[in-house]
Every structure is written in structure tokens, then in C-alpha cells.
Protein chains: 2
Amino acid sequence: MQLMSSEAPEFRLEDFLPYRLSVAANRVSRRFADRYGAAFGLSIPEWRVMAVLGRFGRLPAREITARTAMDKVKVSRAVRQLEGRGFLERAADAADARLHWLALSEAGQGAHAAIVPMAREMEAEVVQGLTAEELALLHAALGRIAERFPGEGVD
Amino acid sequence: MQLMSSEAPEFRLEDFLPYRLSVAANRVSRRFADRYGAAFGLSIPEWRVMAVLGRFGRLPAREITARTAMDKVKVSRAVRQLEGRGFLERAADAADARLHWLALSEAGQGAHAAIVPMAREMEAEVVQGLTAEELALLHAALGRIAERFPGEGVD
DNA sequence: TCCAGGTAGTTTCAAATGCAACTGATGTCA
DNA sequence: TGACATCAGTTGCATTTGAAACTACCTGGA
């Protein structure tokens, strides 16, 4: 191997996009988990399940996995927690005994209504300091990345 | 509670920035971990340690934690793996017996040189379709988010 | 009717994670 | 000097995780 006058530039981890993406995402997730946990005793998977049920009303677990980008094991465990806490109710499907329809209970709806404003506040914190242009681009870029990197139940 | 003609808009998880950020980052990380793992038997923490050592030569573990955004436990374990694999060497500091200087071995340098191009390729896949300007904005946005959400050893 | 193959959801088990406690060493300040 | 806080790094332990196996059920032929 010959020494060239112009070598490849050294690799800078701190400028490596996948690394930066991971650091930013994990820090935000950590902060959010702390807050959901402190305020409502919920984990992020549990909150995601509540979020989609709050929006769609009744869903079978299979639909929750699709709409939360979590795998079915994670959903199954989050559902069990939420059921134990009285935040959701499960009903067997009349026609297909494999299906369980899941829906927020009264208490779950109350919790959902309380959490949503907090989630919006936290999102505002993340976005704070970004220009509208940056925000739009960030959303677009995240969408493209998620498309280009599909994942079954990948979070 | 009174029904208003204009209610708060429903909460859409799929538009929630923290969620999108997490999904994108985790999918990219997953893909990368698969590739590093298949090609070199490295985990992401191990690769991060190699990356900073490849750039800075010799560092004590403490510096690695700072430069990889990982906590010291994760660094400690990654270092042990890499040492066992013969990718790095450890030397006690002459003046301070608490410090261990870590550096890539010959084999480690070879692996580093082989991995860097692969990492660049994967980064190119992530940013594919973005203009230089968009990329700069994305970097700026991620930087601002990471600043606003500091974390000790948060990944 | 029967069965091969598919689906919904749970369980099992091993690996990854992270906090807290720990060891050994150094700094500091009276 | 000596007592005590601090630092580098490791270990213990409980929690989270996910891949694969498993149970129960359904469906579409033959």
C-alpha cells in the first residue's frame, strides 16, 4: 500500500449521522420515559399503546403492533401491564377466538386525556429552537429514513 | 365538561416527533448492527470504541465514554470484548494507577480501516436523496436536539 | 371431513442494559 | 500527616429486550 499525498479523511464519530441520530433519539426517549414514568407510571411502550387506542378506539393487538412500530411481544407485555392497571379492557371477538379487541377503560381515557397535553409540551420542547424549515426537513428526512429502512417490529 | 365546536385535534402518534425520531434511529441502528455484526462480529458499542480509538490513537476509558456518549459500564464491557478479540491493547498509566490507556492493536487498526468505508457507505444510504443543504439542516437540527437534551452517558 | 399451513398472541430463555454498590487509587485540606 | 471526598473502572443484580418456540385457533383446499 502506497502512501498518498491526500489520504482519506479520518472518520469522525461525532459527525456520523447514524450516531447523531441515535444519540438525539435516545436522549429524547430517556427524558420522555422519565416524565411519563414520574407522572403516570407508564413506560414508552405502554404510552404508545394508549396513544393508538385513544385515537382509534378499539383495536386488536395485531393492529397495535402495526401502528406503534413495536413487535408483538412488546405490545403483549404493555397490554398486560395496562390491563392490570385498569387502563384498558379486553374483549374476545365473537367470530374469531384468536382476536382480542382492546380499548381504553374510563380510567384509561382519563389518563390519555391527561397525558396528551404533556406529550405535546414535550414535543414542543424538542422542536424549540428549530426553524420551521428545519422542522419540516427533519420530518421529511425521518420519513424517508424510516421508509428506506423498514423493520418488522422495529421500534 | 362542555362539548366545544372545535375540539383539540386528536393525538397522532405517527406524527409525533419523538416517536418518529425513535423509529428512524432504531431502524438505522438495527440495520447497522446487523451489518457490523455479520461482517466483523462487532456490536455498535464496540464499533464506537474502535472509531474513537482509530481517530485519537490512545485514550483512557474515561475519554471514550465522553466521546461516544455511552456510559462507563457500556464502555468497560465493550473494551473487554475488544481486548479479548485482540483488537485493542491496554497499558497502565505510569503516574496514575487508576488510568488505563487504550489503543487499537495492529489487528484493530486493520479492522478499523476495513470498517470505515463500510460505515461511510451505510451513512450514504441514510442520507440518499438529501441535498447538501438539507443534510446540513438535518445535522443542525439533531445537534440542537442533543444539546437541549443533555444526558450523562446517554447513548 | 380432514389436514397443512397460516395467524394471534403468549411464554421461554438468553443477551443487553443500567443503576447502584464496590474496589482501588488519588487529591485535598486542615 | 491523616481523614475524607473524589475519580477510574468493574461487578452485581434487577429490568428490559427480542428471537424463537409454543398454544390455540382459523382457513382453504383435496
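Summed over both chains, the contact between B and A buries some 6300 Å² of accessible surface at a probe radius of 1.4 Å. Computed on segment A:46-106, the Cα convex hull volume stands at 76 Å³ per residue.
Once every Cα of the protein assembly as shown carries one equal point scatterer and solvent is ignored, give the base-10 log of I(q)/I(0) from the Debye formula at q = 0.14 Å⁻¹, two decimals. Log-scaled intensity ratios, in q order: -1.11.
Between copies, the label points at B:A91 (set 7 angstrom from Cα along Cα-to-Cβ) are spaced 7.2 nm, reported in nanometres from shortest to longest.
The angle separating the long axis of helix B:44-56 from the principal Cα axis of greatest extent in chain B is about 60 degrees.
When the inverse distances between all different Cα atoms of segment B:28-148 are averaged and flipped, the Kirkwood radius reads 15.6 angstrom.
Sorted shortest first, the separations between the B:S76 label point and its copies elsewhere in the assembly read 3.5 nm; each point sits 7 Å from Cα along the Cα-to-Cβ line.
Nonpolar atom fraction for chain B, defined as the carbon and sulfur part of the 1.4 Å probe accessible area, stands at 51 percent. About its Cα centre, the dipole of segment B:65-155 is roughly 380 debye, where the only charges are +1 on Lys and Arg Cβ and -1 on Asp and Glu Cβ. Taking the Cα centre of chain B as origin and charging only Cβ (+1 Lys, Arg; -1 Asp, Glu), how large is the dipole, in debye to the nearest 20? About 520 debye.
The longest stretch of chain A left intact once loop-based trypsin sites (Lys or Arg not before Pro) with at most 13 other Cβ atoms within 10 Å are removed from consideration, loops following DSSP, is A:13-97. Here the chain B residue lying nearest the rotation axis onto A, judged by its C-beta and given with the distance in whole angstrom, is B:A25, 2.
Evaluated with a Cβ-only charge set (Lys, Arg +1; Asp, Glu -1), the protein assembly as shown carries a dipole of roughly 800 debye about its Cα centre, given to the nearest 20. Taking the helices alone, the protein assembly as shown has a mean residue ellipticity at 222 nm of -21000 deg cm²/dmol, built from -39,500 (n - 2.57) per DSSP H run of at least 4 residues and averaged over all its residues. Across the identical copies, the 7 Å label point of B:A39, projected outward along Cα→Cβ, sits 4.2 nm from its counterparts, in ascending order.
The values are calculated or read from the model by the stated rules, or taken from the named source; none is laboratory data. Given the structure is predicted, the values throughout are model-derived calculations rather than measurements. Virtual Cβ from ideal backbone geometry, glycine too; neighbours counted across all protein chains shown. Keep in mind that these areas ignore ligands, DNA and RNA; they rest on the heavy atoms of the full protein, side chains included. Shrake-Rupley method; radii C 1.70, N 1.55, O 1.52, S 1.80 Å.
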